[in-house]
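A short worksheet on the structure shown next.
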Amino acid sequence: MYYKVSIEDTIRILPDRFGENLDDVVKQIVQETFEGTIRKNHGIIIVADNIEPVGDGIVIHGDGAMYQKVRFEALTFQPEMQEVVDGIVCEIVEFGAFCHIGPIDALIHMSQMMNDYVQIDAENQVITGKEKKQRLQVGDPVRARIVAVSMNELSARESKIGLTMRQPSLGSHLWLTEEDEPQKGAKDIVKKRQRR
């Protein structure tokens with residue numbers, strides 16, 4: 001889920017930046033320092049905007065750098081348990097598929113792919129159901145539910161999100177449109193019967 005939040009923190013401005021415009025320096029340092037990081041209460045900070053220094057900076061004896069309190073608005077992404085998300089398959093591996101959901105990748109384990117036995121061809125980047133012959137490949141849009149979240153504040157790349165597609169109305173968008181077509185056909189048959 002995406003949120004817009006207000007954050008206050010402190011940044012460190014090196015002495016070689018003291019002659020520059022404070023607002024420009026603060027904006028650049030905040031964006032470099034916080035964008036792409038994870039906060040426990042807010043999730044992944046995607047974009048920092050409306051950045052402003054708060055009060056005067058402090059120089060600590062023996063350091064030389066200035067510590068400046070800042071306030072900014074941030075667009076964040078916080079994956080939540082049981083949330084239904086749309087994503088795009090970006091990689092198929094021997095044990096399932098990774099897909100982009102927002103700014104992070106999540107895993108759909110082969111056991112959570114579909115209600116069918118699956119054959120994974122990691123070399124050709126394709127997953128196929130044995131009975132229904134449903135296919136999943138790189139680039140396919142999918143709808144899934146979040147079933148596991150482990151966010152690593154030290155490294156966003158080490159975070160782990162697990163997804164499932166083993167429920168009605170979840171799966172590849174292509175599968176979902178195929179499911180709708182038989183229903184449309186059944187509705188047409190009912191309408192024809194009613195006309196008779």
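Tabulated results
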quantity	calculated
So Gln68, is it over 24 Å from Leu176 (Cα atoms) and touching a strand residue (DSSP E or B) at 6+ places or on another chain (Cβ under 9 Å)	yes
Selection count, region 94-129, where residues are among the hydrophobic types (A, V, I, L, M, F, W, C) and either in a loop (DSSP other than H, G, I, E, B) or loosely packed, with under 14 Cβ neighbours inside 10 Å (or both)	4
Verdict on Lys40 being outside the structural domain of Arg135 (by TED's automatic domain parsing), under 26 Å from Arg143 (Cα atoms) and of a type in the set (Lys, Arg)	yes
Scan of region 88-105 for residues that are farther than 20 Å from Asn124 by Cα and either in the same structural domain as Ile44 (by TED's automatic domain parsing) or of a type in the set (A, V, I, L, M) (or both), ordered by number	Ile101, Ile104
Any hit, region 73-94, residues being over 30 Å from Met165 (Cβ atoms) and either of a type outside the set (A, V, I, L, M) or touching a residue at least 40 places away in the same chain (Cβ under 8 Å) (or both)	yes
In region 43-88, residue surrounded by the fewest Cβ atoms within 10 Å (Cβ to Cβ) [restricted to those that are at pLDDT 90 or above and not in a strand (DSSP E or B)]	Gln82
Check on Gly19, of a type outside the set (Val, Ile, Thr), at positive phi and free of Cβ contacts under 8 Å to residues at least 40 places away in the same chain	no
Count - residues of region 1-37 that are under 27 Å from the mean Cα position of the chain (by Cα), assigned to a strand (DSSP E or B) and closer than 16 Å to Phe72 by Cβ	9
Of all residues in region 124-180 being β-branched (Val, Ile, Thr) and touching a helix residue (DSSP H, G or I) at 6+ places or on another chain (Cβ under 9 Å), the one that is modelled with the lowest pLDDT	Ile127
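The values are calculated or read from the model by the stated rules, or taken from the named source; none is laboratory data. Since we're looking at a predicted model, the values are computed, not measured. Glycine also receives a Cβ, built like all others from the backbone with ideal geometry; neighbour counts cover every protein chain displayed.
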